[in-house]
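Student: Below: one structure in structure tokens.
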Amino acid sequence: MIFFETKALQKSFGGLTAINSLDFHLEEGEIVSIIGPNGAGKTTFFNLITGFYPPDHGEILFDGHDLVGLRPSKITSLGIARTFQTVRLFANMTVLENVMVAQHSRTKSGIVGAVLQLRSFREEEQRIRDRAKDILSFFGSRLAGYRHDQPAKSLSYANRRRLEIARAMATEASLLLLDEPSAGMNPRETKEITELIGKLRDERGFTILFIEHDMRVVRGVSDRVVAMDFGIKIAEGPYSEVAQDENVIEAYLGRKET
């Protein structure tokens, strides 16, 4: 079942075409990775999906909804959440607060309930706190226990990346977009993030689309790999096939001299 798709998606910046008539699809429950050299259009694709950029042409369809023209907040409320190449957390808020704040877009009590500390507000706030703790427990000792009360800025780089994923989970998304989740990690941390991506699908039911340069992660967890170059899809399929595709090898290594 097609869960998410784009049709003839196009985006240019001045005279540069960043996304060129891109057709793409995801089935519910898939883990799909996007690979390609720098400048291939991968992050631009994420920015189009999440409403940061409007497309020049084409369709973006998610679970029966047309996303073109919607604000990022609305797209989040429909069930798409993302992380970024550069970690974006509330550095001075605690680990628990960072996850709690991601849920407030779905609260019902409103500002009056908060100011007056109505029972409905207190009960809802407790549910948000409990859910945040449940999400953090998914990451084991990395983000649990005493870490709840630590400021986000005190975490290691790898744990800040985990916290950003936790915050995305808290939006009640069904589709997670992860932008280079293993960037800057050592081999042990890279192995852990690979396993984590698989658990997000297998234990929490997320559909996952992620951009990645580390082929160990791509090989280790992808159901399907899509390779891009100059905004065009140049290959698609299992990792074993895409890694051997001549167009992919050329995109990374350059055209052989004849």
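Student: Does residue 182 count as touching an Asp or Glu at 6+ places or on another chain (Cβ under 7 Å) and outside the structural domain of residue 104 (by TED's automatic domain parsing)? Show your work before the answer.
Tutor: Values: touching an Asp or Glu at 6+ places or on another chain (Cβ under 7 Å): yes; outside the structural domain of residue 104 (by TED's automatic domain parsing): yes.
The answer is yes for residue 182.
Student: Additional query: Considering only residues that are among the aliphatic types (A, V, I, L, M) and over 22 Å from residue 84 (Cα atoms), which ones fall in the range 134-159?
Tutor: 144
Student: Are any of the residues in the range 74-87 assigned to a loop (DSSP other than H, G, I, E, B), farther than 26 Å from residue 143 by Cβ and at pLDDT 95 or above?
Tutor: no
Student: Further, regarding this structure: Among 70, 96, which is the only one that is farther than 22 Å from residue 233 by Cα, surrounded by 14 or more Cβ atoms within 10 Å (Cβ to Cβ) and not assigned by TED's automatic domain parsing to the domain that holds residue 126? Outline the logic, then answer.
Tutor: Details: 96 fails: not assigned by TED's automatic domain parsing to the domain that holds residue 126.
Going through 70, 96 in turn, the sole match is 70.
The values are calculated or read from the model by the stated rules, or taken from the named source; none is laboratory data. These numbers come from a predicted model, not from an experiment. Every residue, glycine as well, gets a Cβ built from its backbone with ideal geometry; the counts of neighbours run over all protein chains shown.
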